[in-house]
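J.: This structure is in structure tokens; I'll ask about it shortly.
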Amino acid sequence: MSTYKIPVGPLHVALEEPMYFKVEVEGETVTGLDIQAGHVHRGIEYLVAKRNIHQNIVLTERICSLCSNSHPFSYCMALERIGGIIVPERVEYLRVVADEIKRIASHLFNVAITAHLVGFDTLFMQVMETREIMQDTKETIFGNRMDLGANRIGGVRYDLDGEGKAYLAAQLARMKAPLDEFRDLYETNGSFLRRTKGVGVLPRADAIRLGLVGPVARASGVDYDVRRKAPYVVYDRLDFDVQTLADGDVWSRTMIRLREVKESVRIIEQCLRDIPEGPISIDAIPEIPAGEAIAKSEAPRGELIYYLRTDGSDKPARLKWRVPSYNNWKGLQVMMAGCKVADIALIVGSIDPCISCTER
Amino acid sequence: MSDGLILLFSVLVFPGGLFALALGLLIKGVDRRVAARLQRRVGPPLLQPVFDLIKLSRKETMIPAQSSAAIFRWAPLAGFSCMVLAAAMIPINGVYRPSPELGDLLTLFYLLAVPAVVLMLAGSASGSPFGAIGFSREMSIMLAYEGPVLLALLSVAIRVGVGEGHLISLSLTEIVQYQRVHGPFILDPWMWPAMLTFLCFFPANLGVLPFDIPEAETEVLEGPLLEYSGPSLGLFKMMSAVKCVVVLGLGITLFLPNGPDGVLGLLLFAVKCTVLAVLGVTVVRTGMGRMRIDQAFRFFLKWPLALGIASLAIMLARS
């Protein structure tokens, strides 16, 4: 049988963002893969050097939508490190709450899309309906459904009073029953297992060799979570389990995300219980001296690293970040070797690629 | 009226042509609405498929530069007209008896393969690589389901034939007549293997989940239909609506044709079609995900084929 090329992307119904795969196929089997990127490059690294440190919080939040809280969060941490700013304890808890709410929404979105990609639209609808609880929560607490606008230098821009805490706790409680219900479906439904078990396998050795991070690496048995390995804010005081699975297939990556959603619910509940009283911001931001700093955080897709250099002016001299999808991208070559045409979109979706973050 | 005119009427207006199209579009509307309700959505109006057709009819048919224009343009029309002809061959108990000149069960079986062939032609003529993949998938799945369903059809034909005193009966009218006298086959456990085979054939032939593999939207972007637009796409949608009635009607003819005469019989036929569509198509397609082509191929060569062979063996043993 002769080989021929099919274009998957840059615009493709199964891809959330533009990415171009030149796939070489023989019958239904993929024999070659060439990934081309660069369709959503917006020059944000250049733009941040043109704006002052406060404006950059707004700008970094708009790098991408699903991990929109991780970016300003890490940026603020790097800046506070240079300025020697110690944030109040209440702020640290509130930052965790915001970040975990975003993680729940992001993971559920990917889990739903996976069901859609195997054609199981009823499950897709069910998961999206549950995700809507978190979207409503975001809108109620932060005023927005995607970009929370939660961070500022030395503090946060929202507060949880008694009523807010009770509301958040009630919303989390509402999620538990549906979460368990569709976790069972993902675990046992034949038509889902048939398409995802043993598909797009990434062995542990390859995950380590290519430096994969986040749920993708954890699904291949790599026990790496920034929240545990290099705890920031109050994560060292919170009780949560780093989930890992051994198989490294599409199904494992889906299950890891589902389990992490449950862990995130647990984390938020602990925050609501332990959060101390106090201010939600420092009184005045001191002069930011010249210096450089690195901040790491666990974004929904994995390790997010921010490097910031300042020169004493109100604009960053250099801001650079490495996003998890940049590492995970490499894993696609391994996962797609010899896969079927039907599984291309499914495998791409399973690494939860964030093109906007990667290309910025 | 002369026989020729009656024949023309039965093909173009009732029960082929207009009637089958209207019923098919209504069934599609019900299917979409029920599927939406099963997924806790509101769903489109019942007449949405009609609105879609009206919209498409006002648009332009784009013909890709690299396509074989003649095949690309005529394939949908060929598919639609074959389905209209097939619809005129489905008897409605107490209302309509197809003229023997139109053909028998085997002719219908051949006609039922036409839409798939037309889709293959259209897919390869469109010049798109996704059309080519759709072509190969359509071919594989057709090869997989044609065998088992032929066995199921033969089982019914032999059962009726032996009952009527000859070896095999390929006349659809005779099949209906036999069940009118001896009770519908749906009540006879010996016929259930054939019926189950036929139920597996529904989603595959109608191209819905879990067997919508040739047109899988998230995999091959509607496959053969990818390059189609405007009235040509509308013709494909009409073909699929009429095919829906033909396949459902065939199922009803084979296993449960009984009902009163006259207008009530006609209504009952429409209700039976709709109920069968909801149970055999809508519920199935909302309840599971898509198979991969190799999985579907293996599925058909396992269960439906085994059931088909078993059913044929039962019929031969009992005759």
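J.: Please enumerate the residues belonging to region A:11-28 that are at the interface with chain B (Cβ under 10 Å from one of its Cβ atoms), in a loop (DSSP other than H, G, I, E, B) and either in contact with an Asp or Glu (Cβ under 9 Å, 6 or more places away or on another chain) or in contact (Cβ under 8 Å) with a residue 60 or more places away in the chain (or both).
T.: Within region A:11-28, A:HIS12, A:VAL13, A:ALA14, A:LEU15, A:GLU28 qualify.
J.: If you don't mind, another one. Of B:GLY249, B:GLY234, which residue is more than 14 Å from chain A (Cβ to nearest Cβ), over 18 Å from B:THR282 (Cβ atoms) and either assigned to a loop (DSSP other than H, G, I, E, B) or open to solvent by less than 20 Å² (accessible area, probe 1.4 Å) (or both)?
T.: Working: B:GLY249 fails: over 18 Å from B:THR282 (Cβ atoms).
Exactly one residue qualifies, and that residue is B:GLY234.
J.: Cβ-Cβ under 8 Å, sequence separation 6+ or interchain: first residue in region A:313-336 and without any contact (Cβ under 8 Å) to a residue 40 or more places away in the chain, partner of a type in the set (Val, Ile, Thr) and outside any helix (DSSP H, G or I). Which pairs?
T.: A:ARG322/A:ILE305; A:SER325/A:ILE351
J.: Out of (1) open to solvent by less than 20 Å² (accessible area, probe 1.4 Å); (2) within 14 Å of the chain's Cα centre (by Cα); (3) more than 26 Å from B:LEU266 (Cα to Cα), what's the single condition that is false for B:MET83?
T.: Of (1) open to solvent by less than 20 Å² (accessible area, probe 1.4 Å); (2) within 14 Å of the chain's Cα centre (by Cα); (3) more than 26 Å from B:LEU266 (Cα to Cα), only one is false for B:MET83: (3).
J.: Looking at A:LYS262, A:LYS229 in this structure, which one is open to solvent by 10 Å² or more (accessible area, probe 1.4 Å) and in contact (Cβ under 8 Å) with a residue 60 or more places away in the chain?
T.: Answer to the check: A:LYS262.
J.: Here is a further query. Taking region B:252-265 on its own, how many of its residues are buried (at least 23 other Cβ atoms within 10 Å of the Cβ) and part of a loop (DSSP other than H, G, I, E, B)?
T.: 1
J.: Somewhere in region A:57-76, is a residue in contact with a strand residue (DSSP E or B) (Cβ under 6 Å, 6 or more places away or on another chain), in a loop (DSSP other than H, G, I, E, B) and within 19 Å of B:ALA132 (Cα to Cα)?
T.: Checked against the condition, which is being in contact with a strand residue (DSSP E or B) (Cβ under 6 Å, 6 or more places away or on another chain), in a loop (DSSP other than H, G, I, E, B) and within 19 Å of B:ALA132 (Cα to Cα), region A:57-76 yields no hits at all.
J.: Filter region A:131-150 down to the residues that are open to solvent by less than 10 Å² (accessible area, probe 1.4 Å) and outside any loop (DSSP other than H, G, I, E, B) and list them by number.
T.: Of region A:131-150, the ones open to solvent by less than 10 Å² (accessible area, probe 1.4 Å) are A:134-135, A:137-138, A:148, A:150.
A:MET134, A:GLN135, A:THR137, A:LYS138, listed by residue number.
J.: If you don't mind, there's one more thing I want to ask. Evaluate the following for A:VAL242: is it open to solvent by 10 Å² or more (accessible area, probe 1.4 Å) and in contact (Cβ under 8 Å) with a residue 24 or more places away in the chain?
T.: Numbers: open to solvent by 10 Å² or more (accessible area, probe 1.4 Å): yes; in contact (Cβ under 8 Å) with a residue 24 or more places away in the chain: yes.
Here the answer is yes, as A:VAL242 does meet what is asked.
J.: Can you tell which of B:ARG32, B:ARG37 is within 18 Å of B:GLY234 (Cα to Cα) and either assigned to a helix (DSSP H, G or I) or in contact with a Gly (Cβ under 9 Å, 6 or more places away or on another chain) (or both)? I'd like the intermediate steps shown before the answer.
T.: On the way: B:ARG37 fails: within 18 Å of B:GLY234 (Cα to Cα).
Testing whether each residue is within 18 Å of B:GLY234 (Cα to Cα) and either assigned to a helix (DSSP H, G or I) or in contact with a Gly (Cβ under 9 Å, 6 or more places away or on another chain) (or both) leaves just B:ARG32.
J.: Scan region B:30-52 for residues that are more than 14 Å from chain A (Cβ to nearest Cβ) and touching a helix residue (DSSP H, G or I) at 6+ places or on another chain (Cβ under 9 Å) and jot them down. Reasoning before the result, please.
T.: Let us first name the residues in region B:30-52 that are more than 14 Å from chain A (Cβ to nearest Cβ), namely B:30, B:33, B:44-52.
The answer is B:VAL30, B:ARG33, B:PRO44, B:PRO45, B:LEU46, B:LEU47, B:GLN48, B:PRO49, B:VAL50, B:ASP52.
The values are calculated or read from the model by the stated rules, or taken from the named source; none is laboratory data. As the structure is a computational prediction, the values presented were derived from the model and not from experiment. Glycine gets a Cβ as well: all are built from the backbone with ideal geometry, and neighbour counts include every protein chain shown. Heavy atoms of the whole protein, side chains included, go into the accessibility calculation; ligands, DNA and RNA do not. Shrake-Rupley method; radii C 1.70, N 1.55, O 1.52, S 1.80 Å.
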